[in-house]
1. Could you list, ordered by first residue, the pairs with Cβ atoms under 6 Å in which the first is in the range 346-369 and without any contact (Cβ under 8 Å) to a residue 24 or more places away in the chain and the second is open to solvent by 50 Å² or more (accessible area, probe 1.4 Å), at least 6 apart or interchain?
2. Residue check: is ILE366 among the β-branched types (Val, Ile, Thr), open to solvent by 30 Å² or more (accessible area, probe 1.4 Å), at negative phi and not in a loop (DSSP other than H, G, I, E, B)?
3. Of the conditions (1) among the hydrophobic types (A, V, I, L, M, F, W, C); (2) touching a residue at least 12 places away in the same chain (Cβ under 8 Å); (3) in a helix (DSSP H, G or I), LEU75 fails just one. Which one is it?
4. Here are the criteria: (1) under 30 Å from PHE249 (Cβ atoms); (2) open to solvent by less than 40 Å² (accessible area, probe 1.4 Å). Tell me which single one PHE68 does not satisfy.
5. Tally up the residues in the range 153-189 that are outside any strand (DSSP E or B) and among the hydroxyl-bearing types (Ser, Thr, Tyr), please.
6. For residues that are under 21 Å from the mean Cα position of the chain (by Cα), closer than 22 Å to PHE97 by Cβ and surrounded by fewer than 17 Cβ atoms within 10 Å (Cβ to Cβ), tally how many sit in the range 27-63.
7. Out of LYS361, LYS291, LYS335, report the one residue that is at pLDDT 95 or above, open to solvent by 20 Å² or more (accessible area, probe 1.4 Å), more than 20 Å from the chain's Cα centre (by Cα) and not acidic (Asp, Glu).
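The values are calculated or read from the model by the stated rules, or taken from the named source; none is laboratory data. On a predicted model such as this, the values are computed, not experimentally measured, just so you know. Neighbour counts are summed over all protein chains in view; Cβ atoms, including those assigned to glycine, are modelled from backbone coordinates with ideal geometry. In case anyone asks, the SASA skips ligands and DNA or RNA and just uses the protein heavy atoms, side chains included. Shrake-Rupley method; radii C 1.70, N 1.55, O 1.52, S 1.80 Å.
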Amino acid sequence: MGNSSGHNNTLSIPPGKGPHRVGCTDLMVGHTVHGTFLRLYYPCQASENPQLPDWVPCREYFNGLADFMKMNRALSERIFNYLFGSCKIPAAWNASFKPDGKYPVIIFSHGLGAFRTLYSAICVELASQGFIVAAVEHRDESASATFYFRENEVWMYYRPLKPGENEFPLRNKQVKQRADECIRALDILFDINSGKSVENVLHLLAFQNSMDLCRIAIMGHSFGGATVIECLCKDVKFKCGVALDTWMFPLDEEIFPGVKQPIFFINSEKFQWIGNIIRMKKLDSAIFPRKMITIKGTVHQSFPDFTFLTGNWIGRLMKLKGEIDPHIALDLFNKATLAFFQCHLNMDRDFNQWDALIDGKDDNLIPGTNITIPQSSI
């Protein structure tokens, strides 16, 4: 890791555009497989020469990505290290927290084959705008890699489907575990905020009474989008949800009537299909706000950080990049998300200047979906 001779250094994860500098730290509470592991992003105090963490924390995550992509570990580790070994997250590692009133809280859920650091562009931007963001690393065997402790470090890798295995029972069990992990992460933040003693969080004492726990949102990508829906059903502390290019398959539709909080679906142009959109539409409500937009020229991987870290040739070849400039796409869904949060978390900010984006009013947006749904399906 930390291969400074690595790939084109002009490719980097964009820093936050908000008024706050951003710090980050890892938090592991309960060292067993049933514990909680997350990356916390937060507004921090300025410091000279801040340490920026590696984007991919250690080689086991490269091995996990290789397994997920069905690539040879030794070869792919060399490729990944060349492409990404020198990449840093634009947030100061273990930086001093910046007290400034109470910050709203966002729990973020990653997609299939991902892990806690792969959506840092989104998380850093939200923290720069005055949110505390907890990016959970799931231990349901849907992450490409994660670890916990027995006597020593134990690594868990992505579990592929077994030959002939029915996929729905596995994914439904996983989405329920993922929601439970998000709720546990939120419970830990409640404890930290109230000043309760929590193991392994002495460095977070400054966070006491710093969170606005009446303003909590859940956000996620793909499998993490399904996790958003499951969380909203399970816990009313989540006041709204933003679901990025959601994979609806893992969800049991019987839970849909129980989702009474506002939802914002932000989709890519190239990933969605009729059956998936129809399932999103089953959450439509005459009472509870449901919004959907599609970003033109985007692919499913326009939401994780890979899209910023690969050149056009590799990015297109591996479908990590769409036709739109990834910085424009990030800017659009971040601004639309902030406007949605202001509205549904009742925040007194200036994010409402981007309200039009929630309705898809921009040259790079499509209101609703680009997928044509047959009338017979509605």
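1. Within 6 Å, the pairs are TRP354/LYS335.
2. yes
3. For LEU75, the exception is condition (2).
4. (2)
5. Here the count works out to 1.
6. Counting residues in the range 27-63 that are under 21 Å from the mean Cα position of the chain (by Cα), closer than 22 Å to PHE97 by Cβ and surrounded by fewer than 17 Cβ atoms within 10 Å (Cβ to Cβ) gives 2.
7. LYS361
Residue-wise test of (1) exposed (fewer than 15 other Cβ atoms within 10 Å of the Cβ); (2) farther than 25 Å from ILE371 by Cβ; (3) over 18 Å from the mean Cα position of the chain (by Cα).
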| residue | (1), (2), (3) |
| --- | --- |
| LEU283 | no, no, yes |
| THR298 | no, no, no |
| ILE314 | no, yes, yes |
| MET318 | yes, no, yes |
| GLN342 | no, yes, yes |
| ASN346 | yes, yes, yes |
